[in-house]
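The values are calculated or read from the model by the stated rules, or taken from the named source; none is laboratory data. What you are looking at is a predicted structure, and each value in this text was computed from that prediction instead of being measured. FYI the Cβ positions are ideal-geometry reconstructions off the backbone, even for glycines, and counts take in every protein chain you see.
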Amino acid sequence: MRVMSHADAEAYASGTDDALVRRFAHLPLEKYTPQVVHNLIQGAIADGLRDGTLAVLTISDASSDSFLGSLVFFDVTSGDAEIGYWVAPEHRGRRVSGRALMLAMEIGRKLGLKKLRARTVQNNPASGKVLLGVGFEQVGILCRRLLRLAKPK
């Protein structure tokens with residue numbers, strides 16, 4: 001896992017066109033193009049990293065450093081943060097998300113976060129299974145569709 005770079009823009013934009021990413025990833029924008037991603041890297045992503053309120057990270061392959069997906073820390077406070085993640089379709093089924101979530105928990109500990117939060121929809125059982133598998137606990141249902149999970153320290 002690493003900070004997103006301009007080299008990731010095309011793969012990120014392509015990944016966000018995937019139907020499952022569009023459906024489950026809670027992306028703030030309707031459409032991502034490589035140029036939109038470049039602009040975000042220079043703008044909101046850089047600002048968030050600088051002030052500690054947002055970290056859009058690249059899930060990368062350990063051997064090639066190639067883009068596999070994205071993991072985001074957002075709604076960051078002094079004690080907790082929410083995380084979201086997605087994996088590009090061609091890299092699913094390789095346990096990428098579980099390893100990325102384990103790294104995210106380690107990053108959170110190093111940053112002094114006491115709790116990480118995540119949300120997933122009930123009709124995305126794979127995400128819920130991964131979150132529960134790495135130690136998150138279901139703490140409620142926000143509405144009929146959203147599960148709320150948390151990883152206490």
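Report yes if Gly135 is outside any strand (DSSP E or B), in contact with a helix residue (DSSP H, G or I) (Cβ under 8 Å, 6 or more places away or on another chain) and at pLDDT 90 or above, otherwise no. It is true that Gly135 is outside any strand (DSSP E or B), in contact with a helix residue (DSSP H, G or I) (Cβ under 8 Å, 6 or more places away or on another chain) and at pLDDT 90 or above. Can you name the residue in the stretch 106-125 that is in a helix (DSSP H, G or I) and modelled with pLDDT of 90 or more and, of all such residues, is surrounded by the fewest Cβ atoms within 10 Å (Cβ to Cβ)? Selected residue: Lys110. What are the residues in the stretch 45-59 that are crowded, with 18+ Cβ neighbours inside 10 Å and not hydrophobic (A, V, I, L, M, F, W, C), if any? Gly48, Thr58, listed by residue number. In the stretch 1-76, counting only helices (runs of 4 or more DSSP H) that sit wholly within it, the ones holding 1 or more residues that are modelled with pLDDT under 95 span 19-24, 46-51.
In the stretch 126-141, the residue that is surrounded by the most Cβ atoms within 10 Å (Cβ to Cβ) out of those that are of a type outside the set (A, V, I, L, M) and either in contact with a His (Cβ under 6 Å, 6 or more places away or on another chain) or under 18 Å from Glu82 (Cβ atoms) (or both) is Phe136.
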